[in-house]
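Trainee: Structure provided below as structure tokens; questions to follow.
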Amino acid sequence: MSVSDFRQNFEIMEVCHQTEAFQSSSVQPWSCSMHHGSWVSSITAGGPPIGRKRQKPVHEHQTPHYSSRREVVLRSSLPPGRYIIIPSTSEPNQQGEFLLRVLTEKENLSNPADKPLPQDVSSLTERRFPHQAALPSLQATRQLFTKHCNKQQFCKPVHLYNLLTEAIQGGVLAGSEKFLVLEQCKSMVVLMDTQGIARLNWTEFQELWDKIRKWTDIFLVFDKNKTKRLEYQEVGPALKAAGIVVDDLIMQLVGLRYTEPDMTISYPGFLYLLLKLENMIFKFQGYDIVGMGSITVTYRQWLHMTMYN
């Protein structure tokens, strides 16, 4: 068929890129890697790269205009090297999910880009106990426990709320107590409760307080501008310093669920987030005994894990 006849009878031509999944003996397939992602308003939905600052030149391959099609294909020939692919929408804060497929003639080693840890994380060891300026001493904490808990010396959520409020008010993070809510204290109590009675004895409270002191150290180090809040971009490195590494999807959920309206995380919110994450990871690992990365739970176990936390 001549080109003129083809153009006269057809309007659209689609090219199929055959991958290893459909390999045949007569056709050399493309090597394919796939990455699922999403655009989340105010977090990853930045829009087009207009005015993006660059420290050095990069290869940029863009379509002349954004397409409303379900699928967009870009084809190019590039010299060997390292490249960053940034999927974006035509306007900022357009939410949605996307699938990025990278097809190359030879196998590619594409991976989601890692976010580097700030250079000054070592200051955690240089200034070992910054929490001492934010929280009362262990002896003073024991006095607060006796003061706010009931006669049986059990700490219920409302007791923890009053205790933490007074403790925060006396240190360098004073003012942060206004972001503390009773619901956070309920979760803290049940997550540390080993007896299933929604209250903490002194031993259980001590374990919680040890975590709070450690996480306060991290919060103070990463609160670089001393606003008593963490910027969203500071949260990931702070979690990593606490020994918790999560992917971009989880970080997007953190931004949606645990931040204030201005996309910052308060000091009480940071403690709450860390305790939830650590506890859920610990519970998963408890079921994933052989380290397979997947677990099977009963309906009752699932309800217990999700409702009592």
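Trainee: Any residue at all in region 194-217 that is open to solvent by less than 10 Å² (accessible area, probe 1.4 Å), more than 25 Å from H159 (Cβ to Cβ), over 10 Å from the mean Cα position of the chain (by Cα) and not assigned by the TED database to the domain that holds H35?
Mentor: Scanning region 194-217, I find no residue that is open to solvent by less than 10 Å² (accessible area, probe 1.4 Å), more than 25 Å from H159 (Cβ to Cβ), over 10 Å from the mean Cα position of the chain (by Cα) and not assigned by the TED database to the domain that holds H35, so the answer is no.
Trainee: Here's a follow-up. Return only the number of the condition from (1) assigned to a loop (DSSP other than H, G, I, E, B); (2) at pLDDT below 80; (3) out of contact with any Cys (no Cβ under 9 Å at 6 or more places or on another chain) that S33 does not satisfy.
Mentor: (1)
Trainee: Please identify the pairs in which a residue from region 208-233 that is within 14 Å of P130 (Cα to Cα) has its Cβ atom under 8 Å from the Cβ atom of a residue that is hydroxyl-bearing (S, T, Y) and surrounded by 21 or more Cβ atoms within 10 Å (Cβ to Cβ), counting only partners at least 6 apart or on another chain.
Mentor: Listed pairs, sorted by first residue: T216/Y267; F219/Y267; K228/S176; K228/S266; K228/Y267.
Trainee: Oh, and also: Report every pair of residues separated by at least 6 positions or lying on different chains whose Cβ atoms are under 7 Å apart, first residue within region 71-83 and assigned by the TED database to the domain that holds L100 and aliphatic (A, V, I, L, M), second open to solvent by 80 Å² or more (accessible area, probe 1.4 Å) and in a loop (DSSP other than H, G, I, E, B).
Mentor: L74/H61; L78/H59
Trainee: I'd like the residue in region 260-290 that is among the β-branched types (V, I, T), modelled with pLDDT under 90 and more than 22 Å from V189 (Cβ to Cβ) and, out of all such residues, is surrounded by the most Cβ atoms within 10 Å (Cβ to Cβ).
Mentor: I289
Trainee: Would you check which residues across region 235-245 are under 10 Å from the mean Cα position of the chain (by Cα), among the aliphatic types (A, V, I, L, M) and surrounded by 15 or more Cβ atoms within 10 Å (Cβ to Cβ) and list them?
Mentor: Within region 235-245, V235, L239, I244 meet the criteria.
The values are calculated or read from the model by the stated rules, or taken from the named source; none is laboratory data. Fair warning: this is a prediction, and the values are worked out from it, not measured in the lab. Because the Cβ atoms are built from the backbone with ideal geometry, glycine has one as well, and the counts that use them run over all protein chains shown. Keep in mind that these areas ignore ligands, DNA and RNA; they rest on the heavy atoms of the full protein, side chains included. Shrake-Rupley method; radii C 1.70, N 1.55, O 1.52, S 1.80 Å.
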